[in-house]
Structure formats: structure tokens, C-alpha cells
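Asks: Okay, handing you the structure first.
The values are calculated or read from the model by the stated rules, or taken from the named source; none is laboratory data. No experiment lies behind these values; they were computed from the predicted model shown. Ideal geometry is used to build each Cβ from the backbone, glycine not excepted, and the neighbour counts take in all protein chains shown.
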């Protein structure tokens with residue numbers, strides 16, 4: 001077990017109707033702001049009346065509201081610059097994101113950029129380390145990215161399509177997250193499934209580790225993964241099953257607030273490989289992960305089967321034999337069957353990519369992430385090329 | 001799944017040698033104090049040199065140190081009054097606890113009392129609700145009570161031997177917890193075992209719930225319990241096994257920082273029943289819990305077997321049958337065998353109580369906690385008397 005520092009100061013306010021508390025929370029936990037920038041996504045929050053309800057709750061506390069909306073999946077740097085300029089122009093000192101990961105990640109990037117004299121991209125490019133940001137609150141509508149409790153933000157630079165993930169364990173964590181599972185009733189099945197694949201990946205990226213003897217973190221991770229797999233079918237059977245939606249929403253937060261990483265080296269190759277798929281082909285992040293992870297696991301079943309075998313036995317319920325490789329493969333089959341059962345693709349052509357430019361993907365991957373990548377095992381371009389080919 | 005608010009702002013700094021960072025952490029997270037009150041327990045921290053190392057780290061930051069030491073297990077109100085007086089006399093505005101639960105709980109009570117004009121016992125007596133307290137830091141030396149990450153504090157009033165637990169989800173959580181597993185190498189086996197029983201109880205008090213469909217919180221709780229049971233034998237075989245000590249230390253924090261309670265009603269009858277044993281007979285809290293829990297479970301196996309059966313299957317590895325009652329009993333036998341294997345008693349006479357005054361225990365229990373107690377099932381004095389008798 002490795003040394004670590006862990007702190008999750010986000011206040012989670014979870015349950016039916018909690019969005020009506022947003023104004024009070026903003027006042028209390030975003031340093032009593034006079035003005036707030038509300039960042040939101042497509043039209044659904046507006047059409048459902050959520051945006052209006054939240055704005056009413058915020059203005060009811062005497063806080064003036066400014067808006068930037070229409071943030072798209074795989075959010076881009078242009079909207080971040082726009083938000084930073086708006087905050088500077090009006091001296092806005094607090095940010096509220098209403099939406100899923102793309103909205104919250106954009107809110108974080110704006111919060112960081114306002115407090116920095118240079119180009120906010122310096123943080124994503126690794127030239128600067130985030131130390132301060134405007135305080136952020138969140139009203140979550142899509143359980144997937146876990147951004148409501150994490151210190152992470154992923155932004156794509158339009159120039160060159162570089163999709164880069166930034167992690168700052170302290171500066172970027174939201175001060176509060178308003179989480180009403182009812183707000184997710186109208187999420188379409190495919191988007192729900194993508195969210196589930198994303199949160200599972202957040203746990204698995206941490207679970208596949210070279211660090212030994214991390215039983216407590218393993219136990220938490222395995223318990224979370226099992227609970228997601230157990231609850232998912234109920235949710236697809238009845239999209240307005242409150243308890244199923246609630247469990248999936250809470251799992252998404254736990255998956256990525258760091259608790260599954262305590263005391264160990266993490267992997268994150270699958271996310272990096274998926275980010276290239278998203279950047280080049282514009283696929284949904286969660287669907288991409290459902291394609292990448294089985295391929296990555298298949299490569300590891302050959303070369304480093306111990307953790308894939310444990311995953312198969314403890315999470316996927318494969319009866320243990322003495323054959324790590326065989327158990328690992330059986331686990332991968334069960335994982336693929338699970339993804340398939342919730343409507344996700346498990347191959348590149350299922351994603352709609354018939355003629356993948358694997359050379360380009362590998363080139364961009366190592367350009368962005370370095371020659372050798374991975375925590376569980378170190379992978380070079382020859383290895384990642386093999387993994388991309390296993391997705392076909 | 002119920003609504004909830006959850007926030008754990010404690011910064012956990014975990015690993016070898018981290019106590020040398022205490023001064024820096026105190027300066028940064030205890031509001032840059034000029035003076036600090038260090039609360040400690042018996043002689044072991046002094047003899048081992050830990051106290052001196054920590055004091056050096058703190059004074060190295062220009063912070064003046066005051067001390068109150070010799071805090072005993074089942075800590076009492078007299079030492080709290082002493083600490084409050086000392087803080088007021090010297091205008092001390094920050095507290096550092098070095099030790100286990102008794103020390104930290106005392107530190108919390110002092111922190112609360114200094115900021116309150118009346119008698120600090122008002123909070124424990126339920127007359128006042130904690131809202132502010134001096135900031136607290138912790139150097140943990142005994143993994144058991146989980147007080148390093150919780151908002152709880154248990155103090156015994158000498159007059160009448162009332163042992164009362166206070167829970168304040170926000171005011172009492174430490175700002176930071178320094179956690180070096182090496183500091184626990186010298187804990188005697190019996191104390192180590194008591195700590196393990198205590199942390200398991202913290203999870204189980206939350207696990208036994210009437211709330212349905214809390215799979216995520218169940219998954220985390222079951223994973224934690226299984227990991228404790230898996231790691232414990234390694235620790236007793238080799239008390240200086242770093243990884244085993246580290247996992248047990250981290251499990252103790254996770255057991256009681258609230259993550260196992262999110263979204264559900266909790267029980268806490270076993271703790272209440274044990275507190276009376278501790279108050280009247282002065283037994284070690286963890287050992288008392290190892291006696292109470294199997295008795296409580298046996299009563300529940302008869303009257304409400306669904307959760308005890310799930311516990312038996314998911315945590316104790318009992319093969320599932322269609323017979324909840326039978327599976328529950330098999331799980332209880334395995335739990336008792338586990339306690340026994342780590343050197344704990346599972347009956348009152350094993351605790352050294354040959355002629356328990358059960359009438360007195362029941363009377364004091366309901367005097368302190370009310371006529372009807374319990375979250376999993378509601379229990380009156382007739383029921384709790386039966387449970388006390390099942391301990392014989």
C-alpha cells in the first residue's frame with residue numbers, strides 16, 4: 001500500500017427536490033457571491049424547467065445570474081475562453097454548472113482560467129499546476145463523468161483536436177453538488193448506458209494497479225462495481241425507478257472522487273486511448289470505453305493476467321480456477337455481455353468506425369501522453385497498436 | 001434509498017513518516033494558530049518519541065505548545081473541563097490530538113466547549129446542537145474508533161457514569177488526520193483486536209438498516225468488512241507487516257467517516273448496549289462489541305432475518321440457501337469464530353463479567369437512549385433484556 005493524501009471536501013446534497021436548495025448552498029459555500037455564472041448544456045435543462053427553477057432559487061438569494069449555455073459533449077476550449085471573458089467583464093466570482101461532465105468540466109476550466117493571468121490551456125498542457133480557482137457548485141443531471149466530486153476536467157483544444165485531462169486533487173473539486181436522481185429519469189437509454197460504462201471505467205482504471213496489498217481499496221472498488229452491475233438491469237427495465245437511478249447516480253460519484261485510488265498506482269491507459277477515439281471520431285466517451293476496456297483487458301490477460309483474473313472472479317462472478325489467463329478471458333466475455341445487454345457496442349465497427357486510422361490514433365496517443373504510458377503495465381506504441389487492433 | 005447530505009472535509013495524510021508533516025498541516029489547516037493544545041493519552045507516545053517528534057514539528061512552525069496528557073480509555077468529562085479551562089486561560093485557538101479515539105474524542109469535546117459559553121455537556125445531553133468548534137488536527141496511533149474522520153465524540157460523565165455519544169456531521173470533523181501505520185506496530189494484540197471489532201461494528205451498525213435498495217452503500221460496506229476479515233490474520237501473524245497495518249488503519253477511517261451510512265437509516269443499538277457495559281464494568285469498548293453483536297444478531301435472526309442472512313452470505317461467505325434464519329445463524333457462528341480467532345471474548349463471562357446486573361444495564365440503557373431504540377428494528381426494554389441475556 002502506497003502513501004497518499006486524500007481529501008474530498010465536496011458537500012453532496014442528495015435526494016428528491018434538492019435542486020430547490022441551490023441558492024442557499026451557493027450563498028453559503030461559494031463565498032456569498034453577488035454574481036454567478038451558470039454554465040449549462042443543451043436544451044433539456046431549459047425545456048424541463050430545471051434551469052428556471054435553479055435560477056429562481058439563486059436569484060431568490062439576491063445573486064445576479066449570468067449564463068453560458070449550449071456546452072456540447074467533448075467540450076472545447078472556445079467555450080472556456082468565452083466564459084472566462086464573461087466573468088472578467090462582469091467581475092463574476094462564482095460558477096455554477098448545471099448538467100453532466102462536459103458542463104462541469106467547462107465550469108472548472110473557466111473557474112481556473114479567471115484566476116490565472118495567462119492562457120488557461122497552460123494547465124492542460126502541463127505548463128502550470130492549478131492552485132486556485134473560483135468556487136464552483138454543481139447541479140448534476142447526468143451520472144457518468146463523476147466530475148461533481150472529482151478534481152478532474154477534460155477539455156478538447158479545437159486546434160489539433162487535443163483532448164486533455166487535467167487532475168488537481170484540491171483546487172478543482174466543487175464546493176457542493178446537488179444530486180436529485182429524478183433529474184435523470186429522462187436520460188435516454190443509450191446515454192444512461194454510456195454513463196454506466198464511464199463510471200465503471202473510472203473504478204477499473206484505479207483497480208488495475210501494480211500495487212499489492214490494497215485490500216481495503218480493492219474491497220470498496222469491487223463492491224461498487226458489483227452494485228452497478230446488479231442495479232443496471234432494473235434501471236433499463238424501468239427508467240423512472242427512483243432507487244435504481246439513485247444508486248447509479250451515487251455510484252458515479254464514488255467511482256471518481258478518488259476513494260477507489262487511495263494507496264495505489266492507477267492505470268488510465270483505456271481513458272487515454274478512448275480520448276483519441278473521441279477526439280478523432282467524435283464518439284460518445286462511455287461507448288468508446290466499452291470498446292476500449294475489453295480490448296485492453298484481453299491484451300493484459302495475455303501479458304499480466306493476475307489482476308484481470310481477480311476482476312473476473314470478484315466482480316464478474318467467474319468461478320476461480322488455478323488458471324489466471326482462462327479466468328481473465330471468461331471475465332472479459334461476461335463484461336462484454338454486460339455492456340451488450342445495456343445497449344453498448346464492444347467493437348470499433350459497433351461504434352460506427354469501419355476503417356479506423358490506427359496509425360493516427362497511436363501517433364496522437366503517444367504525442368499527447370508520452371512514449372510509454374500506463375500504470376498497471378508500461379505500454380509502448382507497439383503495445384497500444386495491438387490493443388487498438390483488438391477492438392476491431 | 002433515502003435523501004442525505006454527506007461531506008467529509010478531513011484531509012487524510014497517510015504513509016510512513018507523515019507525522020513529520022504535522023507542524024506544516026497545523027499551520028495550513030488550523031487557521032495559522034499561535035498556540036496549540038496537544039491532547040494525548042498514556043505514556044506510549046512519550047516513550048516512543050512520537051510526542052517529541054510531533055512537538056518539534058509543531059514548534060518548528062513557530063506554534064507554542066500546551067499539553068494535556070494521560071487521557072484514559074472511556075474518557076471522562078473532568079479532563080474535558082480541564083482542557084477547556086487551559087484553552088481559555090492561554091487563549092489557545094487550535095487543538096491537536098495524538099492518540100486513538102479517547103484522545104480525539106476528548107480533543108473534540110474541548111474544541112466544542114471552548115467556543116460555547118455554557119456547560120459543554122449540554123451538547124452531549126442533547127440540549128444544544130454543535131455549530132462551531134476550534135479547529136482540530138489529529139495524529140492517529142490506534143485504528144479503531146474512526147474518530148480521525150468522523151464528526152462523533154463519546155464522553156463519559158463521571159457523575160452517574162453516563163457514557164454518551166455525540167454526532168455532529170460538520171462541526172467536529174478534524175481538519176486533517178496524520179496516519180502512519182508504523183505507529184501502530186507496537187499496539188498489543190488485544191488492543192489491535194478490539195480496534196478491529198470496533199471498526200467492524202461501525203460498518204455493521206450502518207449495514208443493518210430497514211432501508212431497501214441501497215446497493216452502492218451495501219457494496220462499499222460489504223467490501224470493507226470482507227477486506228478487514230481477510231487482512232486481520234496477516235496482522236496477527238506479523239504485527240510489523242506494514243501493508244496489513246496500513247489496510248486496517250485505513251479501514252477504520254472508512255468504517256466511520258459516514259460513507260457506509262449514505263442513503264439509509266442506521267441502527268446503533270449494539271453500540272448503545274456496549275456503552276452501558278463499558279460504563280458499568282469498565283470493559284474495553286471493542287471487546288464489549290464482540291460480545292454484544294453476536295447476541296444482537298441472534299435476536300434479529302429470529303425476528304428479522306433478512307439482513308443478517310445477507311450479512312452471512314455477502315460478508316461471512318455462507319453459501320446461500322432459501323432459509324434466511326439458518327443462513328443468518330451460520331453467519332453468526334462464523335463471526336464469533338473470527339472474533340475468537342483474533343483473541344476476543346464472545347460472552348459476558350469471557351469479558352470478565354460473571355454476574356452481570358442485567359436489570360441495571362437495561363435500566364441505564366433506556367434511561368440514556370429512550371424507551372424504544374434501534375434503527376433496523378425498534379426494541380423495547382423486554383427485547384434489550386433478551387439480548388443482554390443472549391450474551392451469557
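Asks: Mind checking which residues of region B:340-360 are under 20 Å from residue B:201 (Cα atoms) and part of a helix (DSSP H, G or I)? If you could, list the steps in order and put the result at the bottom.
Replies: So in region B:340-360, the residues under 20 Å from residue B:201 (Cα atoms) come out as B:340-348, B:350-351.
Within region B:340-360, B:340, B:341, B:350, B:351 qualify.
Asks: Surrounded by fewer than 24 Cβ atoms within 10 Å (Cβ to Cβ) and facing chain B (nearest Cβ under 10 Å): is that true of residue A:176 in this structure?
Replies: Values: surrounded by fewer than 24 Cβ atoms within 10 Å (Cβ to Cβ): no; facing chain B (nearest Cβ under 10 Å): yes.
So residue A:176 does not fit the description; no.
Asks: Could you tell me whether region A:279-287 includes any residue that is within 14 Å of chain B (Cβ to nearest Cβ), assigned to a helix (DSSP H, G or I) and farther than 18 Å from residue A:10 by Cβ? Let's see the steps before the verdict.
Replies: From region A:279-287, those within 14 Å of chain B (Cβ to nearest Cβ) are none; that's our starting set.
No, that holds for no residue.
Asks: Here is a follow-up. Among all residue pairs at least 6 apart or on different chains, which show Cβ distances below 7 Å where the first residue, located in region B:343-358, is farther than 22 Å from residue B:229 by Cα and the second is at pLDDT below 95 and part of a helix (DSSP H, G or I)?
Replies: B:353/B:281
Asks: Answer yes if at least one residue in region B:214-226 is away from every other protein chain (no Cβ under 11 Å), without any contact (Cβ under 8 Å) to a residue 60 or more places away in the chain and over 19 Å from the mean Cα position of the chain (by Cα), and no otherwise.
Replies: There is no residue in region B:214-226 that is away from every other protein chain (no Cβ under 11 Å), without any contact (Cβ under 8 Å) to a residue 60 or more places away in the chain and over 19 Å from the mean Cα position of the chain (by Cα).
Asks: Hey, does region B:144-167 have a residue that's at pLDDT 95 or above, within 14 Å of chain A (Cβ to nearest Cβ) and farther than 30 Å from residue A:231 by Cβ?
Replies: The answer is yes; a qualifying residue exists.
Asks: Identify the residue in region A:22-53 that is in contact (Cβ under 8 Å) with a residue 40 or more places away in the chain and surrounded by fewer than 19 Cβ atoms within 10 Å (Cβ to Cβ) and, among all such residues, is farthest from residue A:111 (Cα to Cα). Can you show your working first?
Replies: Of the residues in region A:22-53, the ones in contact (Cβ under 8 Å) with a residue 40 or more places away in the chain are A:22-23, A:25-26, A:29-31, A:33-41, A:44-45, A:48, A:50-51.
Okay, now just the ones that are also surrounded by fewer than 19 Cβ atoms within 10 Å (Cβ to Cβ), so A:31, A:34-35, A:44, A:48.
Numbers: A:31: 14, A:34: 16, A:35: 14, A:44: 24, A:48: 27 Å.
Per the criteria, the residue is A:48.
Asks: Here's another thing I want to ask about it. Just to be sure I understand, how many residues within region B:204-213 are within 12 Å of chain A (Cβ to nearest Cβ) and crowded, with 24+ Cβ neighbours inside 10 Å? Give the steps one after another, and end with the answer.
Replies: Keep residues of region B:204-213 that are within 12 Å of chain A (Cβ to nearest Cβ), which gives B:207, B:211-213.
In the following step, the residues that additionally are crowded, with 24+ Cβ neighbours inside 10 Å were identified as B:207.
Number of matching residues: 1.
Here's the yes/no breakdown for (1) surrounded by 13 or more Cβ atoms within 10 Å (Cβ to Cβ); (2) more than 25 Å from the chain's Cα centre (by Cα); (3) farther than 27 Å from residue B:378 by Cβ:
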site	(1), (2), (3)
B:315	yes, no, no
B:320	no, yes, yes
B:333	yes, no, no
B:338	yes, no, yes
B:346	yes, no, no
B:355	no, yes, yes
B:364	yes, no, no
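Asks: Can you pull out the residues in region A:2-44 that are assigned to a strand (DSSP E or B) and either within 9 Å of chain B (Cβ to nearest Cβ) or at pLDDT below 95 (or both)? Working first, answer last.
Replies: Taking region A:2-44 and keeping what is assigned to a strand (DSSP E or B), we get A:4-14, A:35-40.
Across region A:2-44, the qualifying residues are A:4, A:5, A:6, A:7, A:8, A:9, A:10, A:11, A:12, A:13, A:14.
Asks: Now a separate question. May I ask you to list the residues in region B:79-94 that are in contact (Cβ under 8 Å) with a residue 60 or more places away in the chain and outside any helix (DSSP H, G or I)?
Replies: Start the filter on region B:79-94 by keeping residues that are in contact (Cβ under 8 Å) with a residue 60 or more places away in the chain, which leaves B:80, B:93-94.
The answer is B:93, B:94.
Asks: Can residue B:333 be described as closer than 22 Å to residue B:198 by Cα and out of contact with any helix residue (DSSP H, G or I) (no Cβ under 8 Å at 6 or more places or on another chain)?
Replies: yes
Asks: If residue A:70 satisfies every condition in (1) within 14 Å of chain B (Cβ to nearest Cβ); (2) surrounded by fewer than 19 Cβ atoms within 10 Å (Cβ to Cβ); (3) within 21 Å of residue A:101 (Cβ to Cβ) but one, which is the exception?
Replies: Among (1) within 14 Å of chain B (Cβ to nearest Cβ); (2) surrounded by fewer than 19 Cβ atoms within 10 Å (Cβ to Cβ); (3) within 21 Å of residue A:101 (Cβ to Cβ), the lone unmet condition for residue A:70 is (1).
Asks: Then there is this: Scan region B:366-376 for residues that are surrounded by 17 or more Cβ atoms within 10 Å (Cβ to Cβ) and modelled with pLDDT of 95 or more and jot them down.
Replies: Quick first cut of region B:366-376, residues surrounded by 17 or more Cβ atoms within 10 Å (Cβ to Cβ) only: B:366, B:368-369, B:373-376.
Scanning region B:366-376 gives B:366, B:373, B:374, B:375, B:376.
Asks: Suppose we filter B:389, B:377, B:310 for residues that are closer than 18 Å to residue B:298 by Cα and part of a loop (DSSP other than H, G, I, E, B); which single one remains?
Replies: Numbers: B:389 fails: part of a loop (DSSP other than H, G, I, E, B); B:310 fails: part of a loop (DSSP other than H, G, I, E, B).
Going through B:389, B:377, B:310 in turn, the sole match is B:377.
Asks: Go through region B:257-270 and report how many residues are surrounded by fewer than 23 Cβ atoms within 10 Å (Cβ to Cβ) and closer than 21 Å to residue B:354 by Cα.
Replies: Residues flagged as surrounded by fewer than 23 Cβ atoms within 10 Å (Cβ to Cβ) and closer than 21 Å to residue B:354 by Cα within region B:257-270 amount to 0.
Asks: A follow-up question, please. Being buried (at least 18 other Cβ atoms within 10 Å of the Cβ) and touching a strand residue (DSSP E or B) at 6+ places or on another chain (Cβ under 7 Å) narrows it down to one residue among A:137, A:101, A:146, A:113; which is it?
Replies: Details: A:101 fails: touching a strand residue (DSSP E or B) at 6+ places or on another chain (Cβ under 7 Å); A:146 fails: touching a strand residue (DSSP E or B) at 6+ places or on another chain (Cβ under 7 Å); A:113 fails: touching a strand residue (DSSP E or B) at 6+ places or on another chain (Cβ under 7 Å).
Checking each option against the conditions leaves just A:137.
Asks: Please determine whether any residue of region B:230-245 is touching a residue at least 24 places away in the same chain (Cβ under 8 Å), over 27 Å from residue B:181 (Cα atoms), in a helix (DSSP H, G or I) and at the interface with chain A (Cβ under 10 Å from one of its Cβ atoms).
Replies: As a first pass, look at region B:230-245 and keep what is touching a residue at least 24 places away in the same chain (Cβ under 8 Å): B:232-233, B:235-236, B:239-240, B:242, B:245.
Checking the rest, the ones that are also over 27 Å from residue B:181 (Cα atoms) come to none.
No; the residues of region B:230-245 include none that is touching a residue at least 24 places away in the same chain (Cβ under 8 Å), over 27 Å from residue B:181 (Cα atoms), in a helix (DSSP H, G or I) and at the interface with chain A (Cβ under 10 Å from one of its Cβ atoms).
Asks: Let me ask something additional. Residue A:253 fails exactly one of the following numbered conditions: (1) crowded, with 23+ Cβ neighbours inside 10 Å; (2) under 24 Å from residue A:304 (Cβ atoms); (3) within 14 Å of chain B (Cβ to nearest Cβ); (4) touching a residue at least 12 places away in the same chain (Cβ under 8 Å). What is the number of that condition?
Replies: Result: residue A:253 fails condition (2) only.
Asks: Report, by residue number, each residue of region A:114-140 that is assigned to a loop (DSSP other than H, G, I, E, B) and under 27 Å from residue A:262 (Cα atoms). Let's see the steps before the verdict.
Replies: Of the residues in region A:114-140, the ones assigned to a loop (DSSP other than H, G, I, E, B) are A:115-120, A:125-135.
The answer is A:125, A:126, A:127, A:128, A:129, A:130, A:131, A:132, A:133, A:134, A:135.
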